[in-house]
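S.K.: Got a structure for you, questions after.
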Amino acid sequence: MIPVGEEELSPGEYDGEGQATAAAARRLRLPPAAARLPHKTPTGRRFGRPGVLLPAAFLLLLIIAAIAAPWLAPHDPDLQHLAEGLTGPTAEHWLGQDRLGRDVLSRLLHGARVSLGVGLTAVLISSLVGTALGLVSGYAGGRFDALVMRVVDIFLAFPGILLAIALAAVMGPSIGNVVLALTAFGWVSFTRLVRGEVLTLREREYVLAARALGASPMRIVVRHLAPGIMPALTVQASFALAGAVLAEAALSFLGLGPQNVPSWGGMLNEAAEFMGMAPHLSWAPGLLLTATVLSFNLLGDGLRDAAGSESPGGGRPPSTDHRARAW
């Protein structure tokens, strides 16, 4: 007989893993063996955490406001009232007016269309290019992989924002050129991330089994490797969006962004001259830009934690512990 507290268990009341059987647990009023196993949080609860839900809700509202800006904006963003320039917040103009008398709130809403649109487009193109190169480079290996990694190393040797400034200055200020400048270095982080993921996944049993059964490289990449990199790719895209929105604002602030259309960086550029006389011109776009970048970063952190809790043993996937350095 084996004592358990003041009670005793016979050898027959143990299962194959050394735990008390269900009948023995009921007799001694012990917690069932299943209750002592590690608890796994359901997927819905993982993604329902405040760290994911709150920034996602803010970004969703911001995107809706940007799409509906022509209907939500109380005034024409380009309508000028020179006699009312630099006026502070009023009942008619909630966030005040700029030096030309244009409504700040209306320009802020229309500026969200430019800032978010440029960021989303740049990240989408960068992720497509970087993912394709990373998949092929990681799975094929050899000289192609070495060539791609040397090109990546060259791009990482230069600060991405300086490269974007140089390209935008050469090509001229426009929305298309800003997207091209951001994409020119944005693909690097995606390529490096995807390649690292593929190098790990291609040695998994199901990939080796598919290869042994004669599956083509294209089928292995599309059906077996691509789905496995999606969690890490989603996290990286969230961080890259934060960097792209901030980079677009920086280019617009320097006068290299879109012209003749409202943008958050352009509004900050115009407000810099009147910081003492009209501080309301800077705090509205500055706070909204800060909140947007912070929300993308918090969303990325939350998604990374949720993806890490799904991995064996918990914790964070090593490949998603870094931010999009190139941005």
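The values are calculated or read from the model by the stated rules, or taken from the named source; none is laboratory data. Since the model is a prediction, treat every value here as computed from it, not as a measurement. In this analysis, Cβ positions are derived from the backbone assuming ideal geometry, glycine residues included, and neighbour counts consider all displayed protein chains.
S.K.: I'm trying to understand the selection: among the residues of the stretch 106-122, which are hydrophobic (A, V, I, L, M, F, W, C) and crowded, with 20+ Cβ neighbours inside 10 Å?
M.R.: 108, 109, 112, 114, 116, 118, 122
S.K.: Okay, moving on. Just one of (1) surrounded by 24 or more Cβ atoms within 10 Å (Cβ to Cβ); (2) farther than 11 Å from residue 111 by Cα trips up residue 274, so point out which.
M.R.: Checking residue 274 against (1) surrounded by 24 or more Cβ atoms within 10 Å (Cβ to Cβ); (2) farther than 11 Å from residue 111 by Cα, the one that fails is (1).
S.K.: With respect to residue 241, determine if the residue is under 22 Å from residue 69 (Cα atoms), within 27 Å of the chain's Cα centre (by Cα) and exposed (fewer than 15 other Cβ atoms within 10 Å of the Cβ).
M.R.: Answer is no for this residue.
S.K.: Let me ask another. Regarding the stretch 51-60, can at least one residue be identified that is within 27 Å of residue 174 (Cα to Cα), surrounded by fewer than 19 Cβ atoms within 10 Å (Cβ to Cβ) and touching a residue at least 24 places away in the same chain (Cβ under 8 Å)?
M.R.: No: zero hits.
S.K.: Here's a follow-up. If we keep just the residues of the stretch 164-218 that are in a loop (DSSP other than H, G, I, E, B) and among the charged types (D, E, K, R), which is surrounded by the most Cβ atoms within 10 Å (Cβ to Cβ)?
M.R.: Among them, the one singled out is 202.
S.K.: Still on this structure: Please enumerate the residues belonging to the stretch 70-97 that are in a loop (DSSP other than H, G, I, E, B), crowded, with 19+ Cβ neighbours inside 10 Å and in contact with an Asp or Glu (Cβ under 6 Å, 6 or more places away or on another chain).
M.R.: Within the stretch 70-97, just 93 meets the criteria.
S.K.: Can you tell me which residue among 114, 129, 148, 136 is farther than 26 Å from residue 175 by Cα and in contact with a Ser or Thr (Cβ under 9 Å, 6 or more places away or on another chain)?
M.R.: None of the others qualify; the one that does is 148.
S.K.: Please go through (1) modelled with pLDDT of 90 or more; (2) touching a helix residue (DSSP H, G or I) at 6+ places or on another chain (Cβ under 9 Å) for residue 318 and return the number of the only condition it doesn't satisfy.
M.R.: Of everything listed in (1) modelled with pLDDT of 90 or more; (2) touching a helix residue (DSSP H, G or I) at 6+ places or on another chain (Cβ under 9 Å), residue 318 misses just condition (1).
S.K.: Here's another thing I want to ask about it. Which residue pairs have Cβ atoms closer than 7 Å, lie 6 or more positions apart in sequence or on different chains, and pair a first residue in the stretch 250-276 that is small (Gly, Ala, Ser) with a second residue that is surrounded by fewer than 23 Cβ atoms within 10 Å (Cβ to Cβ) and assigned to a loop (DSSP other than H, G, I, E, B)?
M.R.: Close Cβ pairs satisfying both conditions: 255/173; 257/173.
S.K.: If you don't mind, there's one more thing I want to ask. From 126, 216, grab the single residue that is touching a residue at least 24 places away in the same chain (Cβ under 8 Å) and among the hydroxyl-bearing types (Ser, Thr, Tyr).
M.R.: Of 126, 216, the one residue that is touching a residue at least 24 places away in the same chain (Cβ under 8 Å) and among the hydroxyl-bearing types (Ser, Thr, Tyr) is 126.
S.K.: Hey, does the stretch 152-175 have a residue that's within 23 Å of residue 67 (Cβ to Cβ) and without any contact (Cβ under 8 Å) to a residue 12 or more places away in the chain?
M.R.: no
S.K.: With 207, 170, 188 as the choices, which residue is closer than 18 Å to residue 128 by Cβ and among the hydrophobic types (A, V, I, L, M, F, W, C)?
M.R.: 188 is the lone residue from the list that is closer than 18 Å to residue 128 by Cβ and among the hydrophobic types (A, V, I, L, M, F, W, C).
S.K.: Read through the list (1) small (Gly, Ala, Ser); (2) in contact (Cβ under 8 Å) with a residue 24 or more places away in the chain; (3) touching a helix residue (DSSP H, G or I) at 6+ places or on another chain (Cβ under 6 Å), then give the number of the only condition that residue 189 fails.
M.R.: (3)
S.K.: Oh, and also: Suppose we filter the stretch 98-120 for residues that are part of a loop (DSSP other than H, G, I, E, B) and touching a helix residue (DSSP H, G or I) at 6+ places or on another chain (Cβ under 8 Å); how many remain?
M.R.: 4
S.K.: Of all the residues that make up the stretch 219-228, how many are surrounded by 15 or more Cβ atoms within 10 Å (Cβ to Cβ) and either of a type in the set (Asp, Glu) or in a helix (DSSP H, G or I) (or both)?
M.R.: 5
S.K.: Any chance the stretch 110-122 includes a residue that's hydroxyl-bearing (Ser, Thr, Tyr) and modelled with pLDDT of 95 or more?
M.R.: Within the stretch 110-122, one or more residues are hydroxyl-bearing (Ser, Thr, Tyr) and modelled with pLDDT of 95 or more.
S.K.: Then there is this: Report, by residue number, each residue of the stretch 275-287 that is modelled with pLDDT under 90 and assigned to a helix (DSSP H, G or I).
M.R.: Passing the criteria: only 280.
S.K.: Report yes if residue 125 is farther than 23 Å from residue 194 by Cβ, β-branched (Val, Ile, Thr) and either buried (at least 17 other Cβ atoms within 10 Å of the Cβ) or touching a helix residue (DSSP H, G or I) at 6+ places or on another chain (Cβ under 9 Å) (or both), otherwise no.
M.R.: Judged against the criteria, residue 125 is not a match.
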